[in-house]
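Right, one structure below, let's go through it.
The values are calculated or read from the model by the stated rules, or taken from the named source; none is laboratory data. Keep in mind that what you see is a predicted model, and the values were worked out from it rather than measured. All Cβ positions, even for glycine, are placed from backbone atoms using ideal geometry, and neighbour counts span all protein chains on display.
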Amino acid sequence: MGEAIVVTSGKGGVGKTTTTANIGTALALNGFSVCLVDTDIGLRNLDVVMGLENRIIYDLVDVAEGNCRLQQALIKDKRFESLYLLPAAQTKDKDAVAPEQIKELVAELKEQFDYILIDCPAGIEQGYKNAVAGADKAIVVTTPEISSVRDADRIIGLLEKETHVETPRLVVNRIRSHMMKSGESMDVDEIVSILAVDLLGIVADDDHVIKSSNSGEPAALSPKSRASIAYRNIARRLNGESVPLMSLEEDTSMLTRVKKFLGMRG
Amino acid sequence: MAQVRSYVTLKGTKQGLQLLLDDESPFRTLLEQMEKQLNDQKGKLISAKDERLQVMVDAGRRYLNEHDRKELKELLETTFPLDVTEIRSDVVSRKEADALVRKKQMVRMARVIRSGQVLELEGDVILIGDINPGAVLKTTGSIYVLGSLKGVAHAGTDGDVRAVISASFMDPSQLRIAHVVRQPPENEEWRGMFECAYVNDEGSLELERAQKLGVLRPELAGEE
Ligand SMILES: Nc1ncnc2c1ncn2[C@@H]1O[C@H](COP(=O)(O)OP(=O)(O)OP(=O)(O)O)[C@@H](O)[C@H]1O
Ligand SMILES: [Mg+2]
């Protein structure tokens, strides 16, 4: 029996879809069977980031409305045998499905996959409620900006009310270490201290992420980029391994790396 | 001859005139008899300077609801040259008693109050955790935060200016005590460790070291 993890943020455009695609890819890379579920009905793009857009025949709303079987709507990834996508409908409205239906659907997927990653739309309305309905765990994505952290806090408050969801964990995305160092953006410690939840990982702001999203090849596939390694580490932590927050997730010099290792602040 | 039952007793005290009411007869009887007996003693109800007399009414062990209180006050003030300053009773309803208890209670909670959340409570609150930016905590009593206060805290919501707000780390976006509001000054650090906010004698909200609370609010000192 697998576990369902919702990836959410409150604020739009902070990297939910990118995070879902990359963590999913990294988990598949580690040999797990994974299903990505896009609940952003009307604004789907997980399929684009995964490069699977052309293969869509049925979608989540079709399954919910009984137009097809769940298996018919699942799209197999190009690269991994064990990675699948359940796309969102592009033409329908967010109200086209109800939380209860998503819950049933996710329960069915849990029989089949190790991990179900649910990409949540921005906001706290119907789409959010749908995405959270079937989840056991939650990942909250934020960028190091006050408005994004504020919305993450709001979402964590809402998630705390969902008794079926474990305490969410945090991914701080699009970190620019030079701005963090100069105090121009919030630093990770400050964000974690406000949100008071466990940190699952930090991801640098990396051109490679944008390029790979555009080409439908998630960054996590390439072993080289900093972001890729960050996503792979997040996948390992999700699986219960304790991987220290390390240099390659950030753009730190060798000296601060050593300091970090020694438990000193960089 | 049977002694006449006294439904109303006039008593002069340091605080002024008191009317002690009989608490065993039915309320209707009381009103009738009180009016009659007061009429007989009208002479006592006139002040030297020809002003209306201020009286405090003590209903003893009689329960009076809102309506009864209004009726009693009206009768006294329209029929006699009296101003009723207060109607006291030894008895409160269970509902009123519960409300009183709630206002006197100490609420303890361990959690983070997050952006968008508004908590409205009664009594004093000890919060083990934070009030985050964008969050609001309101209560009728005082607020003590064992953690960071970064959002909005409103103490003494029923108008109690003696209420205080104290925090291990004070960096609020706004503080309110009763009707007094204060925001952090622009471009100025208004944060500190172990601070408390209170309303001073001039009626404005001021911040002090938490250690000063015992002096500013001796009722909190906790020692006789
Ligand atoms: N670590 C990163 N480095 C650089 N660019 C990134 C990073 N993460 C995300 N982006 C870019 O930010 C943009 C928004 O990302 P994404 O679509 O994943 O956000 P979202 O939270 O899913 O948005 P929405 O709320 O609209 O669903 C995309 O162009 C993406 O490529
Ligand atoms: Mg998205």
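For segment A:1-31, which positions are buried (at least 24 other Cβ atoms within 10 Å of the Cβ), within 8 Å of ligand 1 (Cβ to nearest atom) and within 14 Å of another protein chain (Cβ to nearest Cβ)? Hit for segment A:1-31 is A:9, nothing else.
Take residue A:127 and tell me if it is in a helix (DSSP H, G or I), of a type in the set (Gly, Ala, Ser) and away from ligand 2 (no atom under 15 Å from the Cβ).
Values: in a helix (DSSP H, G or I): yes; of a type in the set (Gly, Ala, Ser): yes; away from ligand 2 (no atom under 15 Å from the Cβ): no.
For residue A:127, the condition - in a helix (DSSP H, G or I), of a type in the set (Gly, Ala, Ser) and away from ligand 2 (no atom under 15 Å from the Cβ) - is not met.
Of all residues in segment B:155-175, those being surrounded by fewer than 23 Cβ atoms within 10 Å (Cβ to Cβ) and either assigned to a strand (DSSP E or B) or within 14 Å of chain A (Cβ to nearest Cβ) (or both) number 5.
Given the criteria under 30 Å from residue B:23 (Cβ atoms), away from chain A (no Cβ under 14 Å) and at pLDDT below 90, does residue B:189 qualify? No.
Scanning segment A:152-162 for residues that are among the acidic types (Asp, Glu) and touching a Ser or Thr at 6+ places or on another chain (Cβ under 7 Å) returns a single hit, A:153.
When only residues in segment A:143-152 that are within 15 Å of ligand 1 (Cβ to nearest atom) and in a helix (DSSP H, G or I) count, which is surrounded by the most Cβ atoms within 10 Å (Cβ to Cβ)? Of everything passing the filter in segment A:143-152, A:152 is surrounded by the most Cβ atoms within 10 Å (Cβ to Cβ). Within the span defined as segment A:65-75, one or more residues are in contact (Cβ under 8 Å) with a residue 24 or more places away in the chain, closer than 23 Å to residue A:215 by Cβ and in contact with a helix residue (DSSP H, G or I) (Cβ under 8 Å, 6 or more places away or on another chain).
Taking the conditions (1) surrounded by fewer than 24 Cβ atoms within 10 Å (Cβ to Cβ); (2) within 14 Å of another protein chain (Cβ to nearest Cβ) in turn, residue A:155 satisfies each one other than (1). Residue B:116 falls short on exactly one of the conditions (1) within 14 Å of another protein chain (Cβ to nearest Cβ); (2) farther than 17 Å from residue A:196 by Cα, and that condition is (2). Scanning segment A:203-231 for residues that are part of a helix (DSSP H, G or I) and more than 16 Å from residue A:174 (Cα to Cα) yields A:214, A:221. The number of residues in segment A:158-184 that are of a type in the set (Gly, Ala, Ser) and either assigned to a helix (DSSP H, G or I) or within 14 Å of another protein chain (Cβ to nearest Cβ) (or both) comes to 1.
Go through the residues of segment A:163-182 one by one and say whether even a single one is small (Gly, Ala, Ser) and within 16 Å of ligand 2 (Cβ to nearest atom).
At the first step, the residues of segment A:163-182 found to be small (Gly, Ala, Ser) are A:177, A:182.
Filter once more, keeping what is within 16 Å of ligand 2 (Cβ to nearest atom): none.
The answer is no; no qualifying residue exists.
Evaluate segment B:75-93: report whether one residue or more is out of contact with any strand residue (DSSP E or B) (no Cβ under 9 Å at 6 or more places or on another chain), surrounded by 15 or more Cβ atoms within 10 Å (Cβ to Cβ) and more than 30 Å from residue B:134 (Cβ to Cβ).
Filtering segment B:75-93 down to residues out of contact with any strand residue (DSSP E or B) (no Cβ under 9 Å at 6 or more places or on another chain) leaves B:75, B:78-79, B:91-93.
Still in the list and also surrounded by 15 or more Cβ atoms within 10 Å (Cβ to Cβ): B:75.
Narrowing the set further to residues that are more than 30 Å from residue B:134 (Cβ to Cβ) leaves B:75.
Checked segment B:75-93: at least one residue is out of contact with any strand residue (DSSP E or B) (no Cβ under 9 Å at 6 or more places or on another chain), surrounded by 15 or more Cβ atoms within 10 Å (Cβ to Cβ) and more than 30 Å from residue B:134 (Cβ to Cβ).
Given the conditions (1) in a helix (DSSP H, G or I); (2) more than 24 Å from the chain's Cα centre (by Cα), which single one is not true for residue B:70? Exception for residue B:70: condition (2). Considering segment A:133-142, the residues that are away from every other protein chain (no Cβ under 14 Å) and either under 16 Å from residue B:133 (Cβ atoms) or surrounded by fewer than 24 Cβ atoms within 10 Å (Cβ to Cβ) (or both) include one that is farthest from the chain's Cα centre (by Cα), namely A:136.
Can you tell me how many residues in segment A:197-227 are among the charged types (D, E, K, R) and either away from ligand 1 (no atom under 11 Å from the Cβ) or more than 28 Å from residue A:150 (Cα to Cα) (or both)? Before the answer, list the steps.
Going residue by residue through segment A:197-227, those that are among the charged types (D, E, K, R) are A:198, A:205-207, A:211, A:217, A:224, A:226.
Next, from what is left, pick out any that are either away from ligand 1 (no atom under 11 Å from the Cβ) or more than 28 Å from residue A:150 (Cα to Cα) (or both): A:198, A:211, A:217, A:224.
The total comes to 4.
Residues of segment A:90-124 that are over 28 Å from residue A:192 (Cβ atoms), touching a strand residue (DSSP E or B) at 6+ places or on another chain (Cβ under 6 Å) and within 16 Å of ligand 2 (Cβ to nearest atom): none at all. Filtering segment B:131-154 to residues that are surrounded by fewer than 24 Cβ atoms within 10 Å (Cβ to Cβ) and of a type in the set (A, V, I, L, M, F, W, C) leaves B:136, B:137, B:146, B:152. Taking the numbered list (1) surrounded by fewer than 16 Cβ atoms within 10 Å (Cβ to Cβ); (2) within 21 Å of residue B:213 (Cβ to Cβ); (3) of a type in the set (A, V, I, L, M, F, W, C) in turn, residue B:110 passes all entries but (2).
For the criterion of being under 29 Å from residue B:93 (Cα atoms), free of Cβ contacts under 8 Å to residues at least 40 places away in the same chain, more than 32 Å from the chain's Cα centre (by Cα) and surrounded by 14 or more Cβ atoms within 10 Å (Cβ to Cβ), residue B:33 passes. Annotation note: of A:187, A:153, A:119, the sole residue that is in contact with a helix residue (DSSP H, G or I) (Cβ under 7 Å, 6 or more places away or on another chain) and modelled with pLDDT under 95 is A:187.
Do we find a residue being surrounded by fewer than 19 Cβ atoms within 10 Å (Cβ to Cβ) and farther than 28 Å from residue B:131 by Cα anywhere in segment A:178-197? Looking through segment A:178-197, at least one residue is surrounded by fewer than 19 Cβ atoms within 10 Å (Cβ to Cβ) and farther than 28 Å from residue B:131 by Cα. Tally time: how many residues in segment A:4-46 are within 11 Å of ligand 2 (Cβ to nearest atom) and not in a loop (DSSP other than H, G, I, E, B)? Within segment A:4-46, residues that are within 11 Å of ligand 2 (Cβ to nearest atom) and not in a loop (DSSP other than H, G, I, E, B) number 10.
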